[in-house]
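**Student:** Here's a structure for you.
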Amino acid sequence: MRAVIYGSRPDGHARVVTELFGGGEIELIGLLDDHPEHADRQIAGLAVLGGRADLPRLAAAGVDAVILGFGAARGRRAVVEAVMAAGLALPVLVHPRAHVAASAVLGPGCQVLPGAIVGPGAGLGRGALVNSAAVVEHDVQIGDAAVIDPGAVLAGRATVGEETEIGSRAVLIPDVRVGARAVVGAGAVVIRDVPDDVTVVGVPARTIEARRQSAR
C-alpha cells in the first residue's frame, strides 16, 4: 500500500506515525501540507508532495491511502471527508503494543497508539485517534475525528462526540456524554454530561468557555 501522510511537522504527529507505522505493508512516499510556507519540510526523507487539493492527482498517480499525521481534533473530519471523496483509503493503524478487543469496531482512519486499550464493544468513528496509554473501556462510543490524548481514561459506556478532544489524563465516569467539538482539559474529571462546543476543566469538570462552531 502506497501512502502519504497528511501533516508535515517534524516534531509533531506526522513524525509519530512515520516512525510507528512506516514499513511493512505500508510504503510511505511523502507528506501533504496545505500551507505553502511548509513546502520544504521533510521527515525521515519524506518530502511535501502537495496539499489537500492534490488528493485526486495523487490517487491518479498510484497513491492508495492517506494517513492522518496531525493530532488536532478540529479540522480532522474535513480531511477525512476529502480523502474519501478522492477515492483513497484511510487505513486503520493499531500499534502492536496496543490492545483492541475483538468486539471493538474501528472506523476508517482510526489510530491506536502504544499502550492504549480499547475494550469490548467500544466503537471508534472515522479518523478517531487514541493516543499512547489511553484507556477506552467497554462499550464506549467515540465519534468521527475525535482525539483521546495520552493517559486519558474513558469508563464504560461513556460517549464522545465528533471532533472532540479529551485531554491527557482526563477521566470520564461511566455513562457520561461529552458532546461534539468539545474540549476536556488535561486532568479533568467529567462526572456529568458536557454540551456541544464547550471547554471544560477541573475536578469536577466545569465549563470555562463556549466554543464557536466551525462552518460546515
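**Student:** Given the criterion buried (at least 24 other Cβ atoms within 10 Å of the Cβ) and not assigned by TED's automatic domain parsing to the domain that holds residue 20, identify the matching residue among 179, 127.
**Tutor:** Numbers: 179 fails: buried (at least 24 other Cβ atoms within 10 Å of the Cβ).
Result of the check over 179, 127: 127.
**Student:** Ok, one more. Looking for whichever is at pLDDT 95 or above and either in a loop (DSSP other than H, G, I, E, B) or within 13 Å of the chain's Cα centre (by Cα) (or both) here; the options are 157, 212. Which one fits?
**Tutor:** That would be 157, the only listed residue that is at pLDDT 95 or above and either in a loop (DSSP other than H, G, I, E, B) or within 13 Å of the chain's Cα centre (by Cα) (or both).
**Student:** Would a scan of the stretch 1-21 turn up a residue that is surrounded by fewer than 13 Cβ atoms within 10 Å (Cβ to Cβ), assigned to a strand (DSSP E or B) and of a type outside the set (Val, Ile, Thr)?
**Tutor:** Scanning the stretch 1-21 turns up no residue that is surrounded by fewer than 13 Cβ atoms within 10 Å (Cβ to Cβ), assigned to a strand (DSSP E or B) and of a type outside the set (Val, Ile, Thr).
**Student:** Do we find that residue 69 is among the small types (Gly, Ala, Ser), over 13 Å from residue 130 (Cβ atoms) and either over 11 Å from the mean Cα position of the chain (by Cα) or in the same structural domain as residue 138 (by TED's automatic domain parsing) (or both) in this structure?
**Tutor:** In short, no.
**Student:** So, residue 74, is that one assigned to a loop (DSSP other than H, G, I, E, B) and touching an Asp or Glu at 6+ places or on another chain (Cβ under 7 Å) or not?
**Tutor:** yes
**Student:** May I pose another question? Which one of 37, 81 is in a helix (DSSP H, G or I) and closer than 26 Å to residue 160 by Cα?
**Tutor:** Every option except 81 fails the conditions.
**Student:** Right, here's the next one. Which number in (1) within 22 Å of residue 116 (Cβ to Cβ); (2) part of a strand (DSSP E or B) marks the one condition that residue 162 misses?
**Tutor:** (2)
**Student:** Please go through (1) touching a helix residue (DSSP H, G or I) at 6+ places or on another chain (Cβ under 6 Å); (2) of a type in the set (Asp, Glu); (3) surrounded by fewer than 19 Cβ atoms within 10 Å (Cβ to Cβ) for residue 196 and return the number of the only condition it doesn't satisfy.
**Tutor:** Checking residue 196 against (1) touching a helix residue (DSSP H, G or I) at 6+ places or on another chain (Cβ under 6 Å); (2) of a type in the set (Asp, Glu); (3) surrounded by fewer than 19 Cβ atoms within 10 Å (Cβ to Cβ), the one that fails is (1).
**Student:** Looking at (1) assigned to a loop (DSSP other than H, G, I, E, B); (2) touching a strand residue (DSSP E or B) at 6+ places or on another chain (Cβ under 7 Å); (3) farther than 20 Å from residue 11 by Cβ, find the lone condition where residue 66 falls short.
**Tutor:** Result: residue 66 fails condition (1) only.
**Student:** Could you tell me whether the stretch 181-192 includes any residue that is part of a loop (DSSP other than H, G, I, E, B) and within 16 Å of the chain's Cα centre (by Cα)?
**Tutor:** yes
**Student:** Out of curiosity, is residue 74 in contact (Cβ under 8 Å) with a residue 40 or more places away in the chain, surrounded by fewer than 21 Cβ atoms within 10 Å (Cβ to Cβ) and not assigned by TED's automatic domain parsing to the domain that holds residue 163?
**Tutor:** Against the criterion (in contact (Cβ under 8 Å) with a residue 40 or more places away in the chain, surrounded by fewer than 21 Cβ atoms within 10 Å (Cβ to Cβ) and not assigned by TED's automatic domain parsing to the domain that holds residue 163), residue 74 qualifies.
**Student:** Mind counting the residues in the stretch 48-63 that are within 20 Å of residue 25 (Cβ to Cβ), outside any loop (DSSP other than H, G, I, E, B) and within 22 Å of the chain's Cα centre (by Cα)?
**Tutor:** The qualifying residues number 0.
**Student:** Give the stretch 59-70 a look and list any residue that's surrounded by 15 or more Cβ atoms within 10 Å (Cβ to Cβ) and out of contact with any Lys or Arg (no Cβ under 9 Å at 6 or more places or on another chain), or say none.
**Tutor:** 59, 66, 67
**Student:** Regarding residue 108, is this residue touching a strand residue (DSSP E or B) at 6+ places or on another chain (Cβ under 9 Å) and surrounded by fewer than 19 Cβ atoms within 10 Å (Cβ to Cβ)?
**Tutor:** yes
The values are calculated or read from the model by the stated rules, or taken from the named source; none is laboratory data. Remember, it's a predicted structure, so these values are computed and weren't measured experimentally. No Cβ is skipped: glycine too gets one built from the backbone with ideal geometry, and neighbour counts run over all protein chains shown.
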